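Asker: Could you have a look at this structure, given as structure tokens, before my questions?
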Amino acid sequence: QVQLVQDGGGLAPTGGSLSLSCVASGRNFRYYDMGWFRQVPGKQRELVARISSRNDTHYDPSVNGRFTISRDSAKNSVFLQMDSLKPEDTAVYYCAIHVDLRLGRVSDIDYWGQGTQVTVSA
């Protein structure tokens, strides 16, 4: 059974930093894209960062230059370093796995993490 277990997140002031991690178990995702989505109440879940099996990265413009996604394929893990945080980054963050995340569609996602709250105080 596949499981994605997230860790990290929490509360940070504006301009602060937080990090997220996600470890997958149950199968090898070396050749899959991995990514991070976020969701605020009343809005759709959106892709903020993705990383391919070749470590090509892509960021939503709202986080580009502030967030860094990385992965350790040997450990089936993906990470998100969030710097220069803003109140609008407040959301529940989800790690996600799909063979190709370039379209960033929620309906495509094969596996989700459990979600982690990130709150940025003004």
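Asker: How would Val106, Val2 line up by accessible area, probe 1.4 Å, largest first?
Answerer: Val106, Val2
Asker: Return the FRET efficiency for the residue pair Tyr31, Ser70: r is the Cβ-Cβ distance, R0 is 22 Å, and the value is rounded to the nearest 0.05. Don't jump to the answer; show the numbers that get you there.
Answerer: On the way: r = 17 Å, r/R0 = 0.78.
So the FRET efficiency works out to roughly 0.80.
Asker: For the stretch 9-81, what relative contact order do you get, as a whole percent, if you take Cα pairs closer than 8 Å and at least 6 residues apart?
Answerer: Values: 110 pairs, mean separation 24.4, N = 73.
Relative contact order of the stretch 9-81: 33 percent.
Asker: Sticking with this structure for a sec: Toward the positive end of the charge dipole of the chain, about the Cα centre and with charges on Cβ (Lys, Arg +1; Asp, Glu -1), which of Ser21, Thr116, Met82 goes farthest?
Answerer: Checking the options against the dipole of the chain, the answer is Ser21.
Asker: What size of dipole, in debye to the nearest 20, comes out for the chain about its Cα centre when the only charges are +1 on Lys and Arg C-beta atoms and -1 on Asp and Glu C-beta atoms?
Answerer: Numbers: 13 positive and 12 negative charges, 27 e Å.
Dipole size: approximately 140 debye.
Asker: Label Asp108 and Glu46 with points 7 Å out from Cα along Cα→Cβ: what is the distance between them in nm?
Answerer: So the label points at Asp108 and Glu46 sit 1.8 nm apart.
Asker: Where only protein heavy atoms count, and the probe is 1.4 Å, what is the accessible area per residue for the stretch 20-122 in Å²?
Answerer: In whole numbers, the stretch 20-122 has 51 Å² accessible per residue.
Asker: On the protein heavy atoms, probe 1.4 angstrom, tell me the percent of accessible surface of the stretch 16-58 carried by carbon and sulfur.
Answerer: Answer for the stretch 16-58 is 43 percent, counting heavy atoms of protein chains only.
Asker: Tell me, what is the percent relative contact order of the chain, built from C-alpha pairs under 8 Å that lie six or more residues apart?
Answerer: Values: 300 pairs, mean separation 43.0, N = 122.
Value for the chain: 35 percent.
Asker: For Gln1 and Gln81, what is the calculated FRET efficiency with R₀ set at 30 Å and r taken between the beta-carbons, to the nearest 0.05?
Answerer: Values: r = 29 Å, r/R0 = 0.97.
With R0 = 30 Å, the Cβ-Cβ based efficiency is 0.55.
Asker: Now for a different question. Rounded to whole Å and sorted largest first, what semi-axes of the equivalent ellipsoid does the C-alpha gyration tensor of the chain yield via the square root of 5 times each eigenvalue? Intermediate values should be presented prior to the final figure.
Answerer: Numbers: eigenvalues 99, 39, 38 Å².
With the √(5λ) rule applied to the chain, the semi-axes are 22, 14, 14 Å.
The values are calculated or read from the model by the stated rules, or taken from the named source; none is laboratory data. Owing to the predicted nature of the structure, the values given are computational and were not obtained by experimental measurement. Neighbour counts run over all protein chains shown; Cβ positions are idealised from the backbone, glycine included. Accessible surface areas use protein heavy atoms only, side chains included; no ligands, DNA or RNA. Shrake-Rupley method; radii C 1.70, N 1.55, O 1.52, S 1.80 Å.
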